[in-house]
Amino acid sequence: MMKLTTPLKDSDIEKLKAGDTVKITGIIYTARDAAHARLVKLLEEGKELPFDPKGQIIYYVGPTPAKPGNAIGSAGPTTAYRMDSFAPKLIEVGLKGMIGKGARSDEVKEYMIKHKAIYFAAVGGAAALIAKSITKAEVIAYDDLGSEAIRKMEVVDFPAIVINDIYGNDLYEMGQKEYNIED
C-alpha cells in the first residue's frame, strides 16, 4: 500500500503501477459531466478555472448531503467514461489524477502516458466507507449543479486502486487476460 499526498508530482506518478493500492491524503476536487463541460469551456475561452488543476486529482462523484456531524454524505464513484471527452484538456493543463469507476478511452490513456497522469478506481458500493476518509468538503464552483457542484475536499487515507499507469498498463485488461475473459 502506497501513501500519496496531494498535489501529486511526476516522481509520485512514476512509482505507480496498475494494480497498486494507495491511500491519498490532502486535497482532491470533485467534478462530474456538467462541471467538466464548464471547465473545458473556460479553457477554450482562455479564462481562469475555479481551481488550479496542476498536480491535482479530480474525483468523479456526486455526493449525497452530509448528515449532522459528517463532512459529506455517501461519496461513491461515478462512471469515468462520461468524462472522457473532457479529460484530455484537463490533463494537458496539469491534472495528475482522476478517480472513478470503469474503463477509460484509448485517447484518455494516451494523454495519461504523454502527460504523466494516473487513473484510480474507487470501489463502487463502498460509498459510505469512502466518505469516512473525507474530513472536510466545501463547494467552490457551480453551486447550481447541486450534488454535481465542484467541491474541494480534504481527505485522509482515501482508498483507491491504480487502474491506468503512465506505462500503458490497464488493470481491467490485465484481469481479463489473467482469467482468459473475452471482450
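Each value in this text was obtained by applying a stated rule to the coordinates, not by laboratory testing. Since this is a predicted model, take the numbers as computed values, not measurements. Neighbour counts run over all protein chains shown; Cβ positions are idealised from the backbone, glycine included.
Numbers at a glance
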read-out	value
Estimated inter-spin distance, GLN176 and GLU44, nm [label 7 Å along Cα→Cβ]	3.1
Distance violations [Cα-Cα > 23 Å] among LYS54/LYS152; LYS116/LYS136; LYS89/LYS116; LYS23/LYS101	LYS116/LYS136
Selected from ILE28, MET174, VAL162, residue furthest toward positive end of dipole (the chain; charges at beta carbon)	ILE28
Percentage of interatomic Cα-Cα distances in region 1-141 larger than 23 Å	31
Ordering of 152-158, 140-146 by burial proxy (mean other Cβ atoms within 10 Å per residue, highest first)	152-158, 140-146
FRET efficiency, 1/(1 + (r/R0)^6) with R0 22 Å, evaluated for ALA37 and GLU92 via beta carbons	0.85
Estimated FRET transfer efficiency (GLU110, MET2; beta-carbon r; R0 22 Å; 0.05)	0.35
Dimensions in Å of region 1-46 - Rg and Dmax from alpha carbons	14.4, 41
Cut-off under 5 Å, modelled amide H: who pairs with ILE99 long-range	ILE58, TYR59, TYR60, PHE120
Estimated inter-spin distance, LYS132 and LYS17, nm [label 7 Å along Cα→Cβ]	3.0
